[in-house]
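A short reminder: the numbers here are calculations on the coordinates, not readings from a lab. Just so it is clear, the model here is predicted, and its values are computed rather than measured. Neighbour counts run over all protein chains shown; Cβ positions are idealised from the backbone, glycine included.
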Ligand code: HSE
């Protein structure tokens, strides 16, 4: 039996839609696999009642197919589904790493990224690897066309998850299909600033680089209390705030000294908007680990 821990992730980081992602130190999924003639999936933990165990409908079924590696798969969810923290991607990443080891496929971590990305298509309708890449490789990842670049950055973060569900499919439907040249110029500038901030471990540059005028405003509409929570996080010292992945989670970059205050401020602001939430005080972390 092989057991793998794969971390939650936050994709996009505002200016890097479908390109940027970071692995989070916590929470994480734990997955165990054993060889079997036919694939079975058992899901326990956070939000498991919403996750199908049929291999054709579960995100990890596509990974099993890609690797031609049938197995009994047990998934212990630490990451709530439909939260914006790459829940399905973490399971797909963990299964890809585990089956590669179990069946001795000999693929590199980078080669496993597109394989785990096939699982994402099951959930969102289109394969994209900005969550599976950091969950497998760790750190800050830039997924551009077929290439993935990683930076092992260290930036303190707060991820606040409201008790509302936003499906990735719905959140992709509201993304504008066109952007003005002015918005493109703004986005390129902010994305470059963010990537530089990751290389320098600068919360200021990372926060500044999170600003986005194209995708985030459209998605913020789906999150009750977004503007208030964003403002509360900035007031408490956040250097940048944006929607985490497809939402409804909200991600704040900060200095570690402000992390606790920001977490409380975000939870309080959601409560004022009538929404329960939970905040993770976290940082950029490692990729999937074989336990
Ligand atoms: N880049 C993806 C999105 C991440 O924002 O839709 C969520 O799967």
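Worth pointing out:
- Pairs of alpha carbons in the stretch 190-283 separated by more than 16 Å make up 52% of all such pairs.
- Taking other C-beta atoms within 10 Å as the exposure proxy, 103, 50, 280, 226 rank 50, 103, 280, 226 from fewest upward.
- Note that the stretch 135-186 carries a Kirkwood radius of 15.0 Å, evaluated over its alpha carbons pair by pair.
- The length gained by stretching the chain between residue 182 and residue 65 to full extension, at 0.36 nm per residue less their Cα-Cα distance, is 37.8 nm.
- The alpha carbon convex hull volume per residue for the stretch 43-172 rounds to 115 Å³.
- Helices in the chain, meaning DSSP H runs of at least 4 residues, each add -39500 (n - 2.57). Divided by all residues, the mean residue ellipticity at 222 nm is -11500 deg cm²/dmol.
- Theoretical FRET efficiency, 1/(1+(r/R0)^6), r = Cβ-Cβ of residue 268 and residue 192, R0 51 Å, to 0.05: 0.90
- Each of 75, 51 was scored by other Cβ atoms within 10 Å of its Cβ. Arranged with the fewest first, they read 51, 75.
- With N the number of residues in the stretch 119-250, Rg(Cα) / (2.2 N^0.38 Å) evaluates to 1.06.
- The stretch 1-40-the stretch 235-291 distance, computed between alpha-carbon centres (Å): 19
- Square roots of 5 times each gyration tensor eigenvalue, C-alpha, the stretch 1-115, largest first, Å: 22, 17, 12
- Rounded to the nearest 10 degrees, the angle from helix 259-272 to the longest Cα principal axis of the chain is 80 degrees.
- Residue-span extension gain [residue 44 to residue 290] - 0.36 nm each, minus C-alpha spacing: 86.6 nm
- Average Cα contact separation per residue, the stretch 2-77, under 8 Å, 6 or more apart, as relative contact order %: 33
- 13 Å cut-off, amide nitrogen to a point 7 angstrom out along residue 175 Cα→Cβ, residues in the stretch 223-245: 245
- Over the stretch 106-145, the fraction of Cα-Cα pairs per 10 Å bin, rounded to whole percents and listed from the shortest bin up, is 33, 56, 11.
- Taking the C-alpha atoms only, the angle from helix 87-102 to the longest principal axis of the chain is near 40 degrees.
- Among 74, 56, 110, sorting on how many other beta-carbon atoms sit within 10 Å of each Cβ, with the fewest leading, yields 56, 110, 74.
- Taking every Cα-Cα distance in the chain and sorting them into 10 Å bins starting at zero, the pair-distance distribution P(r) comes out as 7, 32, 36, 19, 5, 0 percent.
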